Amino acid sequence: HHFSTVDLMNVQPKLPTAIVIGAGPAGLACALGLSKVCQKVHLVEKHASFEKRGATFGMAQNGQLALEEIYPDLMVHMRDIGMKPGFSESLVFVWWEMRDAILKFVKQRDNITLHCGEEFMEIMDDNVNNNNNDNGDDDNGVIKVSFQSGLHLVADFVVGADGVHSRVRNVLGLAPPIKSETTLFRGSLQVPDTASIELKGCLEGGMVPLAVDEKGKLYFVLFNFHERHPGRLAWILSTSIDVRSDDRMAPFALVQDHAKEEKDVRLIKEVLALSDEDHLKPYPKSSIVDLSDAAVDAFVDGGWGGRGRITLTGDAAHGMPPTDGYGGSMAMEDALVLTRIFETTNNNNAVTNISIEDRLRKFELERFARVKKVYDNQCERYNTRMREGKRPGRQSKEFMDWLLAGV
């Protein structure tokens, strides 16, 4: 067939297809962004349903800017449901409410298909050891992902957004996460009319730190959501003390033994007693991805270990200590930068020569220096709080101006 000049001008390149594994905040934001630059996005979640569990999700200004560029209407809604803690422009959300807000917009996109209750088994890349690719085009092959249910998905690339215990990391042969020596309890409660005056007072306090012991073994903080949820409090208890996974009385004992002030002990015990019993069960001991200098030196292609047509975002790529809650905002930045790269290389008038592999490597290399700086900062502040038992203090103005400016 002989193409005319008009025919060639009207040739539209085939947009790529993507599989995003993990439908937490990182995966939802990534899928939402990629839906603007991909023909089709498969979003896969291992849980069969979206539970209303978890305490809070903090989003700093840089995360807000990223999400606003990805999907402006979503950020308008997020500002409506988020609470400002009073000392910054950050927003604090009820975790599941924030997740469900992004999920609602994801479900409105015709080119996103959501698959729930799917545990993946393996990923196969046609471009690995492909001896039939004679024309030098790296984008002839596909990624094939198989799941335990028998589901098989095919796409041009895969994004692992499945958290710090990522199965996709395993496929890439990356080191497993390392324990941060911290156990978390997270919960929420509706403050009744019969509550103490002290507890009712916490409804007006924004973020209320209540207990830090002298050895850094215990940290308890309350958050209120009075603007959207009158009478509702959320809380987080963080401890470096070993706790049995089935011990629902552990929070009471920890507070009794390690909180400094008696008034804090009384107030925290009241909070715990009014919380759902399921919230008294500890989360698995928190872990982080090892991005120490020694670990990074082992990555052959730079970035954080993606290979071929597979990359990682959010905690799967750079899970960091939950010191100041920057992890969520960095995941929003990941989603934006990946979307930008595909938007730039999806030339609508001519087929781009930049392969999928090169786009994914470009993504990780663009992100890595910024992510590493934040990661190192959070590790240092975590050590100050949980190992030395000191308050980390305020971040420098220079660091915060750089961070909050976003990408």
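The values are calculated or read from the model by the stated rules, or taken from the named source; none is laboratory data. Note that the coordinates shown come from a computational prediction; the quantities given were computed from them, not determined experimentally. Don't worry about glycine lacking a Cβ; one is built from the backbone with ideal geometry, like all the others, and counts go over all protein chains shown. Side chains included, ligands, DNA and RNA excluded: accessible areas come from the protein's heavy atoms. Shrake-Rupley method; radii C 1.70, N 1.55, O 1.52, S 1.80 Å.
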Take K52 and tell me if it is more than 25 Å from L338 (Cα to Cα) and open to solvent by 20 Å² or more (accessible area, probe 1.4 Å). yes
Restricting the stretch 390-407 to residues that are in a loop (DSSP other than H, G, I, E, B) and more than 24 Å from the chain's Cα centre (by Cα), the one farthest from S240 (Cα to Cα) turns out to be S396
For the structure I just gave you, tell me whether D301 is of a type in the set (D, E), touching a helix residue (DSSP H, G or I) at 6+ places or on another chain (Cβ under 8 Å) and crowded, with 24+ Cβ neighbours inside 10 Å. no
Within the stretch 276-298, track down each residue that is open to solvent by less than 20 Å² (accessible area, probe 1.4 Å), in contact with a His (Cβ under 9 Å, 6 or more places away or on another chain) and either acidic (D, E) or in a loop (DSSP other than H, G, I, E, B) (or both). V289, L291
From the list T311, T323, which one is polar (S, T, N, Q), over 19 Å from S180 (Cα atoms) and either open to solvent by 20 Å² or more (accessible area, probe 1.4 Å) or touching a residue at least 60 places away in the same chain (Cβ under 8 Å) (or both)? T311
Scanning the stretch 177-199 for residues that are over 33 Å from the mean Cα position of the chain (by Cα) and either at pLDDT below 90 or open to solvent by less than 30 Å² (accessible area, probe 1.4 Å) (or both) gives A195
Selected residue [within 20 Å of G173 (Cα to Cα) and of a type in the set (S, T, N, Q)] from T313, T323, T345: T313
Cross-chain or 6+ apart pairs with Cβ under 9 Å, the stretch 108-122 first and at negative phi, then part of a strand (DSSP E or B) and open to solvent by 50 Å² or more (accessible area, probe 1.4 Å): N111/K40; I112/K40; T113/K40; E122/K144
Can you find a residue in the stretch 75-84 that is of a type in the set (A, V, I, L, M, F, W, C), more than 26 Å from F223 (Cβ to Cβ) and at pLDDT below 95? no
Here the residues within the stretch 368-397 that are more than 17 Å from P322 (Cβ to Cβ), at pLDDT 90 or above and of a type outside the set (F, W, Y) are A369, R370, K372, K373, S396, K397
Neighbours by Cβ (under 7 Å, 6+ apart or cross-chain): first from the stretch 140-160, free of Cβ contacts under 8 Å to residues at least 24 places away in the same chain and among the charged types (D, E, K, R); second surrounded by 17 or more Cβ atoms within 10 Å (Cβ to Cβ) and not in a strand (DSSP E or B): none
